[in-house]
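Novice: Dropping the structure in here first, questions after.
The values are calculated or read from the model by the stated rules, or taken from the named source; none is laboratory data. Owing to the predicted nature of the structure, the values given are computational and were not obtained by experimental measurement. Backbone-built Cβ (ideal geometry, glycine too); neighbour counts: all protein chains shown. Areas reflect the complete protein model, heavy atoms only, side chains present, ligands, DNA and RNA absent. Shrake-Rupley method; radii C 1.70, N 1.55, O 1.52, S 1.80 Å.
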Amino acid sequence: KPIPWKRGRLYMEKGTGFALAPPYFHGHDWPYLYPYSLPLYTENVIAVCTDKVLKNDRPNWPEDYKGLLIGNALGFDGYGGFAFRALVKSGEIFYDEEVGTKALVSAFLRGKFDCIMIDIKAYDSEINRLKFEHRDIDYIKTKKGSLIGIDHGYIGYSKAAREQGKYPFQFDFMQKFDSILYRMQKSGEIEQVVNNYFDNNF
């Protein structure tokens, strides 16, 4: 059932829901969401910046990005890393979010952000779609910067629901799901599904 991200987290915390997909690993700061499935997919997250910002190389993330406004998609709270979040908290990096990848890239191309954090496949797909659909718009020039990190998406299971005994089939589901997912990963089917998603949705 698709629901707003914040509501999904609340369901997990209260034990209202069975599981949440696809969060990043939050075992360190969301104690109510555990355990996790095998990784559903892998994201290679990069900084994409205006051509002006990357006129000189900025190879060190996040230190080389101080003083810049960095954009992100709402809910992608695993992006950036601990050092990045510390610099945002101290005011050395400015940060804002857009609702969804499409809105993020569109705002970036219209000059709202100095850089954005985004999965490289999602960026390539979205930039191609926008330039095809809006050929008359004079977008800013952009350049790919640092590799920020590699993130995995999972199914995270509600610890509260398990402790309440709400879903007695939870362990059986986890075991069967991971077994099927593992076979799909080994056969290359997962990679094909992800590629088809980006081809058809961006």
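Novice: Could you list, in sequence order, the residues of region 8-17 that are touching a residue at least 60 places away in the same chain (Cβ under 8 Å) and open to solvent by less than 40 Å² (accessible area, probe 1.4 Å)? Reasoning before the result, please.
Specialist: Going through region 8-17, the residues touching a residue at least 60 places away in the same chain (Cβ under 8 Å) turn out to be 11-17.
Selection gives M12, G15, G17.
Novice: Something else about it: Restricting attention to region 87-127, and to residues there that are open to solvent by 50 Å² or more (accessible area, probe 1.4 Å) and under 22 Å from H152 (Cα atoms), which single residue is farthest from the chain's Cα centre (by Cα)?
Specialist: Going through the qualifying residues, I end up with D124.
Novice: Considering Y34, Y24, which residue is of a type outside the set (G, A, S) and open to solvent by 60 Å² or more (accessible area, probe 1.4 Å)?
Specialist: Y34 is the lone residue from the list that is of a type outside the set (G, A, S) and open to solvent by 60 Å² or more (accessible area, probe 1.4 Å).
Yes/no per residue for (1) within 12 Å of Y41 (Cα to Cα); (2) open to solvent by 70 Å² or more (accessible area, probe 1.4 Å); (3) aromatic (F, W, Y); (4) modelled with pLDDT of 95 or more:
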position: G165; (1), (2), (3), (4): no, no, no, no
position: P168; (1), (2), (3), (4): no, yes, no, no
position: F171; (1), (2), (3), (4): no, yes, yes, no
position: D178; (1), (2), (3), (4): no, no, no, yes
position: Y182; (1), (2), (3), (4): yes, yes, yes, no
position: E189; (1), (2), (3), (4): yes, yes, no, no
position: F202; (1), (2), (3), (4): no, no, yes, no
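Novice: Let me ask something else about it. Evaluate region 64-83: report whether one residue or more is over 20 Å from the mean Cα position of the chain (by Cα), open to solvent by 30 Å² or more (accessible area, probe 1.4 Å) and on the phi < 0 side of the Ramachandran plot.
Specialist: Yes, the conditions are met somewhere in region 64-83.
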